[in-house]
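Shown next, in structure tokens, is the structure this report addresses.
The values are calculated or read from the model by the stated rules, or taken from the named source; none is laboratory data. None of the values given here were measured: they were computed from a predicted structure. Positions of Cβ are backbone-derived with ideal geometry, glycine not excepted, and every protein chain shown enters the neighbour counts. SASA here: full protein model, heavy atoms, side chains in, ligands and nucleic acids out. Shrake-Rupley method; radii C 1.70, N 1.55, O 1.52, S 1.80 Å.
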Amino acid sequence: MLHTYDISRKGEALRAAKDGAFDQLPIFDEQIECASREYIEALQLEKLKRQVKYTYENVQYYRDLMDQAHVNPDDIKSLEDVRLLPFTDKSALRDTYPYGLFAVDLDQVRELHASSGTTGKPIVVGYTDSDMDVWSDCIARLVQMAGVMPSDNAQMAFGYGMFTGGFGLHYGLQKLGCTMIPAGSGNTERHIQMIEDYGTTVLIATPSYAMHICEVGEEMGYDWESSPLRIGLFGGEPCPPGLKAEIESRMHIVCTDNYGLTEVMGPGVSGECLASRDQQHIAEDHFLWEVVDPDTGEPVAEGEMGELVLTPLDKQAIPVLRYRTHDLTRVTKEPCECGRTHARMDKVRSRCDDMLIIRGTNVFPSQIEDVLTGIEEVTPHYHIIVETVNGMDSLTVQTEIRPEAFSDSFQEMDAIRKKIEEKLKGVLLVGVKVQLMEPGGIQRTAGKAKHVDDRR
């Protein structure tokens, strides 16, 4: 049955997000998502013991590592004992390419996904029937946190292919009961026509591509306020607060982020509820999380910033122990107003390996995003160029002027440029050259936006 669209529903998610009506929204699996901390941690320990034993018995790579560290599955008696296990990082999946970490025969694998391999060998992951069930369950939960209903029409603007994002969101939204519109990436004008013709209520995209869809629609004269679209499900790249606020304002929708990575499952590790817009609930019954000092690997205190480490608790095809994500966040177990009890992580905006060292000073792209967000004359689009000039590091930030702020006056544009340079220097503590680009001057993409070009 095709779900028809009722224009009166457009305001439901908007009211829930802005007026605190989130307690009126259903919870996908209340027994698990609202469980006590005692129950959650007991379940995690039971699964951790089973998963470590399963991995030791079925993956030679991990058996060798654990034997070298003199660790046996029977040594896992508490959640803290996960620290006895070796870390895993991306190199393990590349060194064992393609199937060296698989714990099952290929005839039990229902689906393969992989990274692009642009920086080396691709990372290959597989899913059994059970893995697919867990994946779709995690997605169904997080989209319902965002206000998605079974009656929604969801339009996919991710590419399908080997990327986990497209298929992961597709399966989970279907599990919830939504009608899927598998449009794929690209052909922006067609996306806008489909939103109108098919009554699309949910858009799945990278935030940068959603912004591009918004801009193209405005150029076409499309009225976003009267469109059926009400929710944006974003992923694939960080969504700075300024960009999120701009999309919500101009498209008249609620935008939510979700988090995941190919190595541990894909999207679905955590998702944003409407009560806590700057944090995301971790699916703790399926993932054991740690936050560690990225330099020492030692745990940090609850609520402190560090590197997120994840151990999937139910993976069959390719189990992974203590995966170092290189993503920086902090996690809290404090109760959430939405009623869910699963721990919340701050949205990831920086990575350990994102850090640029400019003349001895640490610089994160998120710092530049935050400065540009506070300057009304420029858009959220930017590009960072790092190069060596006369033996010294040089940092250039290209940022795009809004149409209403653009002027043929050199003095006016130069004043804006100098203001941005001063603000950036005050935050970054290094000199920055700013190049103002005309409206539309920063390249748009249907996939992940590439913000940094390090030419050193």
key: Arg63, sole failed condition from (1) closer than 27 Å to Asp95 by Cα; (2) outside any helix (DSSP H, G or I)   = (2)
request  = Look at Glu290 and say whether it is in contact with a Ser or Thr (Cβ under 6 Å, 6 or more places away or on another chain) and either buried (at least 21 other Cβ atoms within 10 Å of the Cβ) or of a type in the set (D, E, K, R) (or both).
outcome  = no
remark   = For strands (runs of 3 or more DSSP E) lying entirely in the range 294-407, having 1 or more residues that are more than 20 Å from the chain's Cα centre (by Cα) picks out 356-358, 361-363, 378-389, 392-401
remark   = For Val300, the lone unmet condition from (1) without any contact (Cβ under 8 Å) to a residue 60 or more places away in the chain; (2) in contact with a strand residue (DSSP E or B) (Cβ under 6 Å, 6 or more places away or on another chain); (3) within 18 Å of Glu421 (Cα to Cα); (4) not charged (D, E, K, R) is (3)
ask   = Can you find a residue in the range 71-81 that is crowded, with 20+ Cβ neighbours inside 10 Å and within 21 Å of Val269 (Cβ to Cβ)?
value = no
remark   = Residue pairs qualifying under the 7 Å Cβ cut-off, at least six apart or on distinct chains, with the first in the range 390-410 being open to solvent by less than 50 Å² (accessible area, probe 1.4 Å) and the second being among the small types (Gly, Ala, Ser), are Glu400/Gly441
ask   = Which pairs have Cβ atoms under 7 Å, sit 6 or more apart or on different chains, and link a residue in the range 81-98 that is of a type in the set (D, E, K, R) to one that is outside any loop (DSSP other than H, G, I, E, B)?
value = Asp81/Asp75; Asp89/Arg324
task = With the checklist (1) buried (at least 21 other Cβ atoms within 10 Å of the Cβ); (2) outside any loop (DSSP other than H, G, I, E, B); (3) out of contact with any Phe, Trp or Tyr (no Cβ under 8 Å at 6 or more places or on another chain); (4) of a type outside the set (S, T, N, Q) in hand, flag the one item Val269 doesn't pass.
result = (3)
inquiry  = Go through the range 164-212 and report how many residues are in a strand (DSSP E or B) and in contact with an Asp or Glu (Cβ under 8 Å, 6 or more places away or on another chain).
reply    = 2
task = Could you check, for the range 162-172, whether at least one of its residues is surrounded by 22 or more Cβ atoms within 10 Å (Cβ to Cβ), modelled with pLDDT of 95 or more and either farther than 28 Å from Arg94 by Cβ or touching a Cys at 6+ places or on another chain (Cβ under 8 Å) (or both)?
result = yes
key: Criterion violated by Gly426 - all others in (1) in a loop (DSSP other than H, G, I, E, B); (2) more than 14 Å from Ile384 (Cα to Cα); (3) not charged (D, E, K, R) satisfied   = (1)
